[in-house]
Amino acid sequence: MADPFKPTAKDRFTFGLWTVGNTGRDPFGEATRPRWSPAEIVDLLGEVGGVHGVNFHDNDLVPIDASEEESATIKRDFAGALKRNKLQVAMGTTNLFGDPAFKDGAFTSNDAEVRAYAVQKTMRAMDLAAEFGAKIYVFWGGREGAETDAAKDPVEAVRRFRSALDFLCGYSIEQGYDMRFALEAKPNEPRGHMYFPTTGHYLALINSLKHAEMVGVNPEVAHEHMAGLNFVHAVAGALEAEKLFHIDLNDQEFGRYDQDLRFGSVNLKHAFFLVKLLEDHKYDGYKHFDSHAFRTADRDDVIEFARGSMRTYLLLKERAKRWNSDKEIKRLLRKINKASKDIDGLTGDFTPARAETLGAMEFNREKLAARPLPYERLDQRTMEILMGVE
Ligand code: DIG
Ligand code: MN
Ligand code: MN
């Protein structure tokens, strides 16, 4: 019998070149895996099976100091690997955090020349992403931040960031790239404090952009968890605002450095509610696993890491379907929700008549307070469904 949890391209799972290509190097130790070429990484994803697409930072594909010829060879080999593995390029982004020129930020740098170079580098990276058909472009402000606020007026930082985005939206429109931008928040690391630390901060910024319609967010599990926030609620805010243009799935212990762990490998309950939210609201964007295998993993285990990421999503998708169809859950949901068309109608659009009616209503607070809410039973049944208790 076919494995119901085997991914297919239709699931729209993607991996960045830097994720499965992570060499295991960390701030305290050297690489434990070879640096594979982009083509070798795409071949690895082909071996994983069921992957829809691959993503890259400009310099994951073409090193910052590559010659024209080297760049052409790399791109040709990469294109060949995409073809033989039937993979798309789903998303592009710019490395505005690695080069020392960006030591004090890119778009928010105090140096006008650095700000201009960052916009130019992003234009070139957008050209590269467009060349491979990417329609989603992510902005992660890795160095947009501060260790001391003596260095920069944070209001000025916001304005510099906005003006770079407005310019680059104009560039995408003028080039006919038809890209949608997805802004990715993170509270800290590598900077001591990062501007736009949470998805909510970006949702607020977007409304002030010249081309707000083409700009959304790319929330990442680990980043909201680092800020001690409920990731499901961050995504719900983006979904409700119709701004969930992309999502970075991984996992993360609360209150730690950015671990980029395999999806669902730490907080299974949060992962369950996230998958349920995405599926209940028919999110049809890419599901990008912005994560990497343990430093201990060899190539075979990196493949297991990628397969496990997608399998966990599909297992939780089935658990969400099971939860939605569970008799006890449905009974409890009926019990805890007390709707009333007349009352809801009252507090819809304001009218003086409604206000008058509402003002004259009598509410029995003791009765309201006494209503049973069996959330313990509901949560226990949820946990049992998660644990496979039928
Ligand atoms: C880190 O979470 C960031 C970078 O890896 C990249 O710019 C972005 C794209 O997913 N995520
Ligand atoms: Mn991360
Ligand atoms: Mn990310």
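The values are calculated or read from the model by the stated rules, or taken from the named source; none is laboratory data. Please read these numbers as outputs of a predicted model, since none were measured by experiment. FYI the Cβ positions are ideal-geometry reconstructions off the backbone, even for glycines, and counts take in every protein chain you see. In case anyone asks, the SASA skips ligands and DNA or RNA and just uses the protein heavy atoms, side chains included. Shrake-Rupley method; radii C 1.70, N 1.55, O 1.52, S 1.80 Å.
In segment 194-254, which helices (runs of 4 or more DSSP H) lie fully inside it and hold 2 or more residues that are open to solvent by 20 Å² or more (accessible area, probe 1.4 Å) and closer than 25 Å to ALA106 by Cα?
199-206
Counting just the residues of segment 40-86 that are of a type in the set (Gly, Ala, Ser) and loosely packed, with under 14 Cβ neighbours inside 10 Å, which one comes out farthest from ALA106 (Cα to Cα)?
Looking only at segment 40-86, we keep the residues that are of a type in the set (Gly, Ala, Ser), and these are 46, 49-50, 53, 66-67, 71-72, 79-81.
Adding the requirement that they be loosely packed, with under 14 Cβ neighbours inside 10 Å leaves 67, 72, 80.
On the way: SER67: 23, ALA72: 27, GLY80: 33 Å.
Step by step, filter segment 40-86, then rank; the result is GLY80.
Given the structure, is HIS288 assigned to a loop (DSSP other than H, G, I, E, B), buried (at least 19 other Cβ atoms within 10 Å of the Cβ) and in contact (Cβ under 8 Å) with a residue 24 or more places away in the chain? Explain how you work it out, then say what you get.
Numbers: assigned to a loop (DSSP other than H, G, I, E, B): no; buried (at least 19 other Cβ atoms within 10 Å of the Cβ): yes; in contact (Cβ under 8 Å) with a residue 24 or more places away in the chain: yes.
No, not satisfied.
Find all pairs meeting these conditions: Cβ atoms under 6 angstrom apart; at least six residues apart or on different chains; first residue within segment 35-52 and under 20 Å from GLY92 (Cβ atoms); second residue surrounded by fewer than 17 Cβ atoms within 10 Å (Cβ to Cβ).
That search, which allows pairs on different chains as well, returns ALA39/ASP77; HIS52/ALA9.
Select from segment 291-318 the residues that are within 16 Å of ligand 1 (Cβ to nearest atom) and outside any helix (DSSP H, G or I) and write down the one among them that is most open to solvent (accessible area, probe 1.4 Å).
Top of the filtered list is HIS292.
Look through segment 120-142, keep the residues that are part of a strand (DSSP E or B) and within 16 Å of ligand 2 (Cβ to nearest atom), and return whichever of them is nearest to LYS103 (Cα to Cα).
Start the filter on segment 120-142 by keeping residues that are part of a strand (DSSP E or B), which leaves 136-140.
Next, only the ones that are within 16 Å of ligand 2 (Cβ to nearest atom) stay: 138-140.
On the way: VAL138: 20, PHE139: 17, TRP140: 15 Å.
Checking each candidate, the answer is TRP140.
Which is within 16 Å of ligand 1 (Cβ to nearest atom), in a loop (DSSP other than H, G, I, E, B) and modelled with pLDDT of 95 or more, of THR14, THR23?
Only one candidate passes the filter, namely THR23.
From the set of residues in segment 1-11 that are in a loop (DSSP other than H, G, I, E, B) and not charged (D, E, K, R), which is least open to solvent (accessible area, probe 1.4 Å)?
From segment 1-11, those in a loop (DSSP other than H, G, I, E, B) are 1-8; that's our starting set.
From the residues that got through so far, the ones that are not charged (D, E, K, R) too are 1-2, 4-5, 7-8.
On the way: MET1: 219, ALA2: 82, PRO4: 89, PHE5: 44, PRO7: 25, THR8: 67 Å².
Once the filter is applied, the top-ranked residue is PRO7.
Inspect all residues belonging to segment 30-39 and state whether any of them is aromatic (Phe, Trp, Tyr) and crowded, with 17+ Cβ neighbours inside 10 Å.
The first filter runs over segment 30-39 and keeps only residues aromatic (Phe, Trp, Tyr), leaving 36.
Still in the list and also crowded, with 17+ Cβ neighbours inside 10 Å: 36.
Yes: one or more hits.
Looking at the structure I just gave you, is MET214 of a type outside the set (D, E, K, R), within 16 Å of ligand 1 (Cβ to nearest atom) and more than 14 Å from the chain's Cα centre (by Cα)?
No.
For segment 237-262: of the residues being away from ligand 3 (no atom under 16 Å from the Cβ) and touching a Gly at 6+ places or on another chain (Cβ under 9 Å), which is nearest to PHE181 (Cα to Cα)?
Checked segment 237-262; the qualifying residue nearest to PHE181 (Cα to Cα) is LYS243.
All but one of (1) loosely packed, with under 15 Cβ neighbours inside 10 Å; (2) assigned to a strand (DSSP E or B); (3) not polar (S, T, N, Q) hold for VAL89, so report the exception by its number.
The number of the failed condition is (1).
Specify the residue that is surrounded by the most Cβ atoms within 10 Å (Cβ to Cβ); the eligible residues are those in segment 255-275 that are more than 12 Å from ligand 2 (Cβ to nearest atom) and free of Cβ contacts under 8 Å to residues at least 40 places away in the same chain.
The residue in question is VAL266.
Mind checking which residues of segment 319-328 are open to solvent by less than 90 Å² (accessible area, probe 1.4 Å), in contact (Cβ under 8 Å) with a residue 40 or more places away in the chain and under 21 Å from LEU268 (Cα atoms)? Give the steps one after another, and end with the answer.
Our first condition is that a residue be open to solvent by less than 90 Å² (accessible area, probe 1.4 Å); within segment 319-328, this holds for 319-320, 322-326, 328.
Right, trim to in contact (Cβ under 8 Å) with a residue 40 or more places away in the chain and you get 319-320, 322-324, 326, 328.
Listed by number, the residues that qualify are ARG319, ALA320, ARG322, TRP323, ASN324, ASP326.
Give segment 167-186 a look and list any residue that's in a loop (DSSP other than H, G, I, E, B) and either open to solvent by less than 20 Å² (accessible area, probe 1.4 Å) or not assigned by TED's automatic domain parsing to the domain that holds MET126 (or both), or say none.
Within segment 167-186, MET179, ALA185, LYS186 qualify.
Just for helices (runs of 4 or more DSSP H) wholly inside segment 325-368: which have at least 3 residues that are of a type in the set (A, V, I, L, M)?
Hits in segment 325-368: 327-336, 352-360.
Residues HIS201, HIS246, HIS223: which one is free of Cβ contacts under 8 Å to residues at least 24 places away in the same chain, assigned by TED's automatic domain parsing to the domain that holds ILE136 and within 25 Å of ALA129 (Cβ to Cβ)?
Residue meeting the stated conditions: HIS201.
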